[in-house]
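Below is one structure, written out as structure tokens; the observations come after it.
Just so it is clear, none of the values below were taken in a lab; they were calculated from the coordinates. Bear in mind that the values here come from a model prediction, so they are computed numbers and not experimental data. We place every Cβ from the backbone using ideal geometry, glycine too, and count neighbours over all the protein chains shown.
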Amino acid sequence: MQTTFLGTSAGVPTCLRNVSSVALRLSQRGEWWMFDCGEATQHQILH
């Protein structure tokens with residue numbers, strides 16, 4: 001199991017930090033679970 005913080009800012013993103021979002025990788029199951037996904041998190045993952 002691996003935890004990745006995709007963003008650690010509050011409700012408004014900054015130049016260096018995206019809004020809060022956490023991804024949990026379950027390697028044995030080959031799955032990623034995302035929690036507290038703030039706005040534009042999908043853009044951060046894709047780019």
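List of remarks:
- Spin-label model distance (nm) - LEU26 vs THR14, 7 Å beyond Cα toward Cβ: 3.4 nm
- Loop-located chymotrypsin sites (Phe, Trp or Tyr not before Pro) in the chain (DSSP state other than H, G, I, E, B) with a sparse environment of at most 11 neighbouring Cβ atoms within 10 Å are absent.
- Sparse-neighbourhood loop sites, trypsin sites (Lys or Arg not before Pro) in the chain - DSSP loop, at most 14 other Cβ within 10 angstrom: ARG17, ARG29
- Ranked list, fewest to most other Cβ atoms within 10 Å of each Cβ, for THR41, THR4: THR4, THR41
- In the chain, the DSSP beta bridges split such that about 90 percent are antiparallel, to the nearest 5.
- Each helix, a run of at least 4 DSSP H residues, gives -39500 (n - 2.57); summed and divided by the residues of the chain, these come to -3000 deg cm²/dmol at 222 nm.
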